[in-house]
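Accompanying notes for the structure given below.
Every read-out reported here was derived from the displayed coordinates using simple, explicitly stated rules and does not represent laboratory data. All values derive from a computational prediction rather than experimental measurement. Glycine gets a Cβ as well: all are built from the backbone with ideal geometry, and neighbour counts include every protein chain shown.
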Amino acid sequence: MQIEKYKIEEHNQSLLSEHKRKYEFAAADIKNVNTVIQKLIDFNVAIPSWALGTGGTRFGRFSGAGEPGNLIEKMEDVGLLHALNRSSGAVSLHIPWDIPENYPAIKSLAAQLGLKFDAMNSNTFQDQKGQELSYKFGSLQHVNKAVRKQAIEHNIDVIKHGVELGSKALTVWLSDGSCFPGQLNFRKAFQNTLASLQEIYTALPADWKIFVEYKAYEPNFYSMTVGDWGQSLLYANKLGSKAYTLVDLGHHLANANIEQIVSLLLMEGKLAGFHFNDSKYGDDDLTVGSIKPYQLFLIFNELVEGMDARGMDHASDLGWMIDASHNVKDPLEDLLQSVEAIMISYAQALLVDRTKLNEVQQDNDVVTAQEILQNTFRTDVRAIVAEARLRNGGALNPLQYFRQMKVREQLIKERGSKTVATGL
Ligand code: RM4
Ligand code: MN
Ligand code: MN
């Protein structure tokens, strides 16, 4: 299904006077409101192809109805999100969960829906049907060269798919590591992984990047071979200028200061971008901003500050992606909530008075520094974000539209109630 423009206009019309009142109130306090709105319009977050179905845990999966059964339907789902919020204009594919079988068809559908192809993701953390060698004891780190070769070839294959689609980056997340002390020689595991990544790096087209994603634990519980940002940065620095560190918000040990990590990676010119999600405990993959919205704001605060310091383009110089799993919510509703949370944090970060913050930092005025950040965080920018959507042809309230217009019900009619999407 596709959402017709006039229906969005009707929806907007019904909410317009209330919106105007809220927007004018919020805009009155913002000096350069049109510049802020333009930045919001330009900003897009890629939707992961693996998160359009209901996810699960290792204990069970309670599939929803009307889930996309193939890549075309997944793209259509992302198209629905983008039509509603105008900020989801990209999709990030996971191979082999979503192998594009017919490139021209997929590309023309993407063009029709206004979607780009963000980073491609490889998968050497599961064994696939008919696969010759197992990844049970790792992939790029494996003690057996033949397994490493198989994993390298898979990554090169993913690059090839991406080239056909116009993607420009490969994200490598490895589950490699060990579950018990003594299982692995750390140094050899690192060196094997580096040598494998080097081979993949050599296969990158000139205008491509490789994103090395780290994760502290799971599925390995004693050591992870790319376990934190330090290790990822080691690989990225050794690989070369096309290699960067990817931050997935859920991949840290408890209480890690992610905003500081972001700031330093940016300083080094080595930040690839993000997998956004939120967590209470670990890699919970919850809705962005649902648990720690202040942390999300502080991360965006460092992003805006650090990107401006390097003259970077907010919209295009980093990879912005969601990586989430929805066990109890409708995936599309959850993704709308996540994108909204990202836009709110980004908008707030754009409003921080940086000149004043610099001054008070210089004076060691800790109290005012805290006031500046917290006042901004407590500013309600939802009408500013909605205004950006409105000017860009989106819906004033995407979630409300989704419910009122019974989008999921229509998808169930089209696809049936027993479809299960590939992915998490
Ligand atoms: C991992 C990691 C990767 C994602 C997989 C599905 O925990 O976050 O980015 O591709 O999950
Ligand atoms: Mn991730
Ligand atoms: Mn993860």
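Tallying residues that are of a type in the set (Asp, Glu) and within 16 Å of ligand 2 (Cβ to nearest atom) within the range 105-134 yields 1.
When Phe297 is tested against (1) more than 16 Å from ligand 2 (Cβ to nearest atom); (2) among the hydrophobic types (A, V, I, L, M, F, W, C); (3) over 26 Å from Gln370 (Cα atoms), exactly one condition is not met: (3).
From the list Lys160, Lys107, the lone residue that is away from ligand 3 (no atom under 16 Å from the Cβ), closer than 26 Å to Leu332 by Cα, among the basic types (Lys, Arg) and more than 18 Å from the chain's Cα centre (by Cα) is Lys107.
Cβ-Cβ contacts under 6 Å between residues 6 or more apart (or on different chains), taken from a first residue in the range 157-186 that is under 17 Å from Ala90 (Cβ atoms) to a second residue that is within 16 Å of ligand 3 (Cβ to nearest atom) and acidic (Asp, Glu), are listed as Thr171/Glu213. Scanning the range 201-223 for residues that are more than 16 Å from ligand 1 (Cβ to nearest atom) and under 16 Å from Leu234 (Cα atoms) returns a single hit, Tyr201. The condition (being surrounded by fewer than 19 Cβ atoms within 10 Å (Cβ to Cβ), touching a Leu at 6+ places or on another chain (Cβ under 7 Å) and of a type in the set (D, E, K, R)) is satisfied by just one residue among Glu359, Glu333, Glu371: Glu333. Residues of the range 234-283 that are among the acidic types (Asp, Glu), over 22 Å from Thr193 (Cβ atoms) and within 16 Å of ligand 2 (Cβ to nearest atom): Asp278 alone.
Yes/no matrix, rows are residues, columns are (1) within 15 Å of ligand 3 (Cβ to nearest atom); (2) surrounded by fewer than 23 Cβ atoms within 10 Å (Cβ to Cβ):
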position: Gly182; (1), (2): no, yes
position: Lys188; (1), (2): no, yes
position: Thr225; (1), (2): no, no
position: Asp228; (1), (2): yes, yes
position: Leu233; (1), (2): no, yes
position: Ala243; (1), (2): no, no
position: Leu249; (1), (2): yes, no
position: Leu264; (1), (2): no, yes
position: Lys270; (1), (2): no, yes
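If we keep just the residues of the range 239-250 that are away from ligand 1 (no atom under 15 Å from the Cβ) and either in contact with a helix residue (DSSP H, G or I) (Cβ under 6 Å, 6 or more places away or on another chain) or of a type in the set (A, V, I, L, M, F, W, C) (or both), which is farthest from Gly166 (Cα to Cα)? Ranking the candidates gives Leu239 first.
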